[in-house]
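The values are calculated or read from the model by the stated rules, or taken from the named source; none is laboratory data. The model shown is predicted, which means the values in this text are computed figures rather than measured ones. Here the Cβ is made from the backbone with ideal geometry for all residues, glycine too, and neighbour counts use every protein chain on show.
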Amino acid sequence: MGCAAAGEPWALHQHAFGGMGGRPGADGLPAVSFPYNVRNVSVEWAETETPVLFLRRELIADSGGPGESRGGLGEELALTVERTADQLAASPLTLSGSAGRMLYPAEGVAGGRPGRPGSIDVNDKSIAPTSAPDVKFRPGDVVRLRTPGGGGHGPPGARRVAAVQADLHDGYVTSAAVGEQYGASMLKGDASAPTARRD
């Protein structure tokens, strides 16, 4: 798999984005490049040209800060380099780059609450938060990069019930988080409202 011969160096430049903050009258955009704009490398191309295998790339439920306008969701990238890949066993792989909001979350404004900070795990072991990660791992290890969510705008109690129900339907929030962040009354309004599910 991939174009790298045994022992040949290779590199993958991949972007991952956090959520944008909630705005007056509009929720924050999820996993967006802002204020600049870049074109990302597709997962399919990366898997074709390198030994990297992506196990997951999806929005993170409950990562956007609660508010009258909800903060945008962060995203999770889970990746590995297969054990069968042409890599020297003695040569560790390195995930490096720049990261923001790993220690301090994006704050909400006008009564909105913070979004969830980002994190990096290797085999479910957390890496110390840093703005310049330099993470060593080996083929077969699973690296999970979770980008931060944006902060909310306005008090959560002012959010429209229909907006909360839409978030539940789309899986942007879970019913447990709605009860905690917006109040149980948001769940009682419509007994038939679907709940979020994460596989």
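Scan the stretch 44-66 for residues that are of a type in the set (A, V, I, L, M) and either in contact with a helix residue (DSSP H, G or I) (Cβ under 8 Å, 6 or more places away or on another chain) or surrounded by fewer than 16 Cβ atoms within 10 Å (Cβ to Cβ) (or both) and report the count. Working first, answer last.
Within the stretch 44-66, the first condition is being of a type in the set (A, V, I, L, M), and the residues that meet it are 46, 52-53, 55, 59-61.
Filter again for either in contact with a helix residue (DSSP H, G or I) (Cβ under 8 Å, 6 or more places away or on another chain) or surrounded by fewer than 16 Cβ atoms within 10 Å (Cβ to Cβ) (or both), leaving 52-53, 55, 61.
Qualifying residue count, the stretch 44-66: 4.
Which residues, taken from the stretch 125-161, are in contact (Cβ under 8 Å) with a residue 12 or more places away in the chain, farther than 27 Å from residue 22 by Cα and in a loop (DSSP other than H, G, I, E, B)?
Once the filter is applied, which keeps residues that are in contact (Cβ under 8 Å) with a residue 12 or more places away in the chain, farther than 27 Å from residue 22 by Cα and in a loop (DSSP other than H, G, I, E, B), the stretch 125-161 yields 133, 138, 139, 140, 141.
State all residues of the stretch 65-77 that are part of a strand (DSSP E or B) and under 10 Å from the mean Cα position of the chain (by Cα); if no residue qualifies, say none. So that I can check it myself, show each step before the final result.
As a first pass, look at the stretch 65-77 and keep what is part of a strand (DSSP E or B): 69, 75-77.
Residues satisfying the conditions are 75, 76, 77.
Can you pull out the residues in the stretch 107-124 that are part of a loop (DSSP other than H, G, I, E, B) and surrounded by fewer than 18 Cβ atoms within 10 Å (Cβ to Cβ)? Even if it seems obvious, please write down each step before you answer.
Narrowing the stretch 107-124 to residues part of a loop (DSSP other than H, G, I, E, B): 107-108, 110-118, 123-124.
Within the stretch 107-124, 107, 110, 111, 123, 124 qualify.
Select from the stretch 103-137 the residues that are of a type in the set (A, V, I, L, M, F, W, C) and either over 18 Å from residue 149 (Cα atoms) or in contact with a helix residue (DSSP H, G or I) (Cβ under 7 Å, 6 or more places away or on another chain) (or both) and list them in ascending order.
Within the stretch 103-137, 122, 127, 128, 132, 135, 137 meet the criteria.
Would the stretch 17-34 turn up any residue that is surrounded by 20 or more Cβ atoms within 10 Å (Cβ to Cβ) and of a type in the set (Val, Ile, Thr)?
There is no residue in the stretch 17-34 that is surrounded by 20 or more Cβ atoms within 10 Å (Cβ to Cβ) and of a type in the set (Val, Ile, Thr).
Just the residues that are modelled with pLDDT under 90 and either loosely packed, with under 15 Cβ neighbours inside 10 Å or within 15 Å of the chain's Cα centre (by Cα) (or both), please, taken from the stretch 130-162.
Correct list: 130, 131, 132, 134, 136, 140.
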